[in-house]
1. Sort region A:3-73 into rounded, prolate or oblate with this rule: let a ≥ b ≥ c be the square roots of the eigenvalues of the Cα gyration tensor; rounded if a/c is under 1.5, and if a/c is not under 1.5, prolate when a/b is larger than b/c, oblate otherwise.
2. Going 7 Å from the Cα of B:THR306 toward and past its Cβ, which residues in region B:7-45 have a backbone nitrogen under 19 Å from where you end up?
3. Between B:ILE178 and B:THR121, with labels modelled 7 Å along Cα→Cβ, what's the label distance in nm to one decimal, could you check?
4. If r is the Cβ-Cβ distance from B:ARG253 to B:PHE228 and R0 is 35 Å, what FRET efficiency results, to the nearest 0.05?
5. Decide, for region B:371-552, between rounded, prolate and oblate: order the square roots of the alpha carbon gyration tensor eigenvalues as a ≥ b ≥ c, take rounded if a/c falls under 1.5, and otherwise choose prolate if a/b is larger than b/c, else oblate.
6. When the chain is fully extended, how far beyond the present Cα-Cα distance does B:ASP161 get from B:ILE8, taking 0.36 nm per residue of separation?
7. Per residue of A:104-114, what is the mean number of Cβ atoms on other protein chains within 10 angstrom of that residue's Cβ?
8. How large is ³J(HN,Hα) for each residue in region A:103-118, as worked out from phi by the Karplus curve 6.51 cos²θ - 1.76 cosθ + 1.60 (θ = phi - 60°), to whole Hz, x for Gly and Pro?
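Just so it is clear, none of the values below were taken in a lab; they were calculated from the coordinates. If you're wondering where the values come from, they're calculated on a predicted model, not measured in any experiment. Glycine also receives a Cβ, built like all others from the backbone with ideal geometry; neighbour counts cover every protein chain displayed.
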Amino acid sequence: MVMKLFDSELNIMEILWTEGDTPAKRIAEIAKEKVGWSKTTTYTIIKRCLDKGAIERHEPNFVCHAVVTREQAQEHETTELINKMYDGAPDRLIASLLGQKRLSTEEISRLKRLIDSME
Amino acid sequence: MSLLQISISASVFILAVIFLRSLLIHKLPKMTFMFLWGVALIQLLVPVSVQSQFSIFTAAEHISGMYTAPKVISAPESSTFINGTTVIMPPITEHVTAPIMPLKTASQISPFVWVWFVGFTMCALFFIIPHLRYRKIYKMAVPIRNDFIRKWQLSNLLWRDVQIRQLDYISTPLTYGIFRPVVLLPKNLDYDDEKQLALILTHEFTHIKRFDTLKKWILATSVCIHWFNPIVWVMYILANRDIELFCDETVIRKFGENMKPSYARALVRLEEKKIGLSPMISSFSKNSTEERIISIMKIKRITITTTLLAIGLAACVVVIFATSALDKTESATGVDEPIAYSEPSLYQGAITTQIVPALSQGGTTTDLMPHDLTFNKKYDVPKLIDSLMASKYRAVYMDNEIYLRVMMDNTVQISKDNGAVWKKYDTDEVDAKEFAKWLLINDPIPGYSMKEVQTRLANGAEVKHLVFENVKEMYFIIDRNGVQIELVQPEKISSVLIDGQRMMITSAISAQMLKSFYDLLVSNHILSETLAEQDYSERINYLEKNLPNFIVTK
């Protein structure tokens, strides 16, 4: 079984792979120190891992257990992610280097020619 | 000033900026447009507080009010006879009506305000919901271990703590957060290309230094408030582009002009990285990218000439369009408008009295004036006012329809059956500042010291407002010195009142009515019977002697 995980999720998995089964509270502490995430953010990511089936939780203390092994985990390829990202409405309250819509290949080669002609 | 009027007057300026931009976007330093958009935002956002929008954004009501409220009274043409050198004026029974523009009160929320509010809320959610959703994702970014970035950041310290992190969900570098900004870099960036990294980081740090995220929030706010105005939307799109162009310009100036092609190519390369077949290719972003590339390639060294040209043009646009728009706004405000409309009606009054120079020497001009008679507090009615202040009441009013009294706690009671049953009436609160302005312009009732009233209003007097079925209105100015009633009557009717300031008789009054008024004072234990008799005859004497037309005998 191969499971595609985001960087954030891989970070949580990494903690579980090295530390073994860990209570969520402890994961949040480690993540805060290692990655700088707030407790809420870490819990959000744990929830995503649970939904995906990458980890399991055991009571008491919300102990998390890695279902997916290091070998089974795989990074998401960026193109897939981007397709996901643009399904929704774009975020207009940030400053992004490029527009959030994509250009066609023809358009991009036209822009390249434009730069050449103006140089 | 209504929101609609603000929007319209600002649109004039925005259209001028759009025009200037279409001609000179690649010629002038981008700073020029940032400045002009800033002026537009001030026009759109500053003249109103949220509260005043609610109270005045009753656009249609307002406009219809402007056109219908001042009743133009036809001049009594037949009333003037010229008899040799003497002008004889028949007693006037139709009186010139004071121009009236009812002041809108906070409690009247028209359907227009609701429509606006719904639009505003939807628009705000349109911006905020995606942002909050993405923010959750941005928080999941991980630290970057890259020596070049660490070194670069150490040599470019800002006073705000800036974090640079990596996120695999995004395809383009971005900056979010206003006070604790975070730069997010996509995972698929070429982290070995240090030249490109430096360009990207300089670009993002320029955004941070300039508070461009805050600018975007303010732009979004303006578009939410003015959602009904397409010109403001166009401004929103163009100003957002100009934020980017200004940022590019700064990066190029920092790295030198020969970096222009590399920078433009870097942008196209990053654009290329986003590729993936998507049906959502917008021609609008195509145009904006092209505009951006051309703008980068055309960046020139700023010379004294271009600086002066930019300053001159910006100043011209602001002076011509922003100020004229402001003037327009001023005269279009609900408060000012009645002047324009009331003037004709006043002039009609003046036309009938054109022959007055001869007449006024006869000293009977008073007959031509609206028959408002005020007994000044200091000289004429001190006893009466004192008795009033010693009683349970703060003001008493009477006309042919109602009796009204203001209690010590400033509540208003009205009787419609000549004082047999009194019922408490609810009043609206009116903003004292708005009222002061309105009063200054409309001056509905002569016979009080404008200066004094304005001082009281400025010193925090409260203003309450009451509207009767027949459009008659009353304003109660209340402070520690007591109550002062201002009447607004679309048609002049006979009335008499005493309040903490003066006794006033409006329009011709019958002796009978004046008598009833004194009876009312007696029944409310304000005056004793003897004092009332005495005062009544003094009043009648005064009127008969000085204003023979004032008392209408049955």
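1. Details: a/c = 1.44, a/b = 1.16, b/c = 1.25.
Cα axes put region A:3-73 in the rounded bin.
2. Output list for this probe position: B:20-37.
3. In this crude label model, B:ILE178 to B:THR121 measures out at 2.3 nm.
4. Taking R0 as 35 Å, the efficiency between B:ARG253 and B:PHE228 is 0.35.
5. Rounded, since a/c falls under 1.5.
6. 51.0 nm
7. Values: counts 5, 3, 0, 8, 7, 2, 4, 12, 6, 0, 6.
Rounded to a whole number, the mean comes out at 5.
8. Values per residue, Gly and Pro as x: 9, 6, 4, 4, 4, 5, 5, 5, 5, 4, 4, 4, 4, 4, 6, 8 Hz.
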